[in-house]
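Enquirer: Have a look at this one before I ask anything.
Computed from the coordinates by the stated procedures, all read-outs in this text should not be read as laboratory data. The shown structure was predicted, so the numbers you read here are calculated from the model rather than taken from an experiment. We place every Cβ from the backbone using ideal geometry, glycine too, and count neighbours over all the protein chains shown.
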């Protein structure tokens, strides 16, 4: 008797898995067979995904909402698809793409169609990611050219620094105490000291 499994993934902790879980509800997948992760899909080194693979057996069915939930990298998706369907002998069903259902058309033509669709979708997904990265890089370059500052703002050295710096230099207080008095972290105080000594 085959078992049903579900794999749900979002890329970061602040993203919501609800949409994918709702799509899985009609499938009546037992809770213990539902693997949920909030982790990047850049590779397949993911704890829940690894647990899923260990439990997946021949003739089981793995459901994913969309192909990019499985992974982000074109070659890796193809490799995992091959591993699950050929080496383990389980089936994969992509809910958003009915053509990607390995339970159907187990003959040569059905396998060929599924493989072509999978490769095409994986290629499109990767192309879109590369396009997004390029647009981000271009946007950052334009913003920098306009003088937009990225990252944390540099703290302005307060007027009381010279007094506290002098006390620290004379070994009247520790660097930690000096940081506390200036209301900054230890690294910031040390950075200001280096700047002061380079003057």
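Enquirer: Using a Gaussian network model on the chain with a 10 Å cutoff between Cα atoms, which of 87, 130, 172 fluctuates the most?
Expert: Its mean-square fluctuation being the largest, the pick is 172.
Enquirer: How many nm is it between the label spots at residue 40 and residue 149, if each spot is 7 Å from the Cα in line with the beta carbon?
Expert: 2.7 nm
Enquirer: Something else: Treat the count of other C-beta atoms within 10 Å as a stand-in for reagent exposure and order 142, 124, 10 from fewest to most.
Expert: 142, 124, 10
Enquirer: Sort 97-104, 22-29 for me by packing, meaning the mean count of neighbouring Cβ atoms within 10 Å per residue, highest on top.
Expert: Per-residue mean Cβ counts within 10 Å order the peptides as 97-104, 22-29.
Enquirer: Then there is this: Which of these, 36, 164, 61, has the largest mean-square fluctuation under a Gaussian network model of the chain (Cα springs below 10 Å)?
Expert: It is 164.
Enquirer: Which value in deg cm²/dmol, rounded to the nearest 500, describes the helix-derived mean residue ellipticity at 222 nm for the chain, given -39,500 (n - 2.57) per DSSP H run of n ≥ 4 and division by the residue count?
Expert: Helix contribution divided over all residues of the chain: -15000 deg cm²/dmol.
Enquirer: With axes computed from alpha carbons, what is the tilt in degrees of helix 186-197 against the longest principal axis of the chain, rounded to the nearest 10 within 0 to 90?
Expert: Computed tilt is about 50 degrees.
Enquirer: Of all DSSP beta bridges located in the chain, what percent are antiparallel, nearest 5?
Expert: Given both bridge residues lie in the chain, the antiparallel proportion sits at roughly 5 percent.
Enquirer: Looking only at 139, 89, 147, which one moves most when the chain is put into a Gaussian network model with springs between Cα atoms under 10 Å?
Expert: Comparing 139, 89, 147 in the GNM, the peak value goes to 147.
Enquirer: Rounded to the nearest 0.05, what FRET efficiency do residue 55 and residue 28 give with R0 = 22 Å and r taken as the Cβ-Cβ distance? Could you check?
Expert: Calculated transfer efficiency: 0.80.
Enquirer: Of the listed values (1) 199; (2) 139; (3) 116, grab the one calculated as volume of the Cα convex hull per residue in Å³ from the structure here.
Expert: (1)
Enquirer: So, one more: What nm value, rounded to one decimal, do you get for the distance between residue 83 and residue 159 when each label is placed 7 Å out toward the C-beta?
Expert: The two pseudo-label positions are separated by 6.3 nm.
Enquirer: Can you give the angle from 0 to 90° between the axis of helix 108-145 and the longest principal axis of the chain, with both taken from C-alpha atoms, to the nearest 10?
Expert: Tilt relative to the chain: about 20 degrees.
Enquirer: Evaluate the distance, in nm, between pseudo-label points positioned 7 Å from the Cα of residue 171 and of residue 186 along their respective Cα→Cβ axes.
Expert: Calculated label separation equals 1.9 nm.
Enquirer: If contacts are Cα pairs under 8 angstrom and at least 6 residues apart, what is the relative contact order of the chain in percent?
Expert: 15 percent
Enquirer: Can you put 44, 5, 161 in order of Cβ neighbours within 10 angstrom, beginning with the fewest?
Expert: The fewest-first ordering by Cβ neighbours comes to 44, 161, 5.
Enquirer: Please compute the contact order of the stretch 25-128 in relative form: average sequence separation of alpha-carbon pairs under 8 Å and at least six residues apart, divided by the residue count, as a percent.
Expert: Relative contact order, the stretch 25-128: 25 percent.
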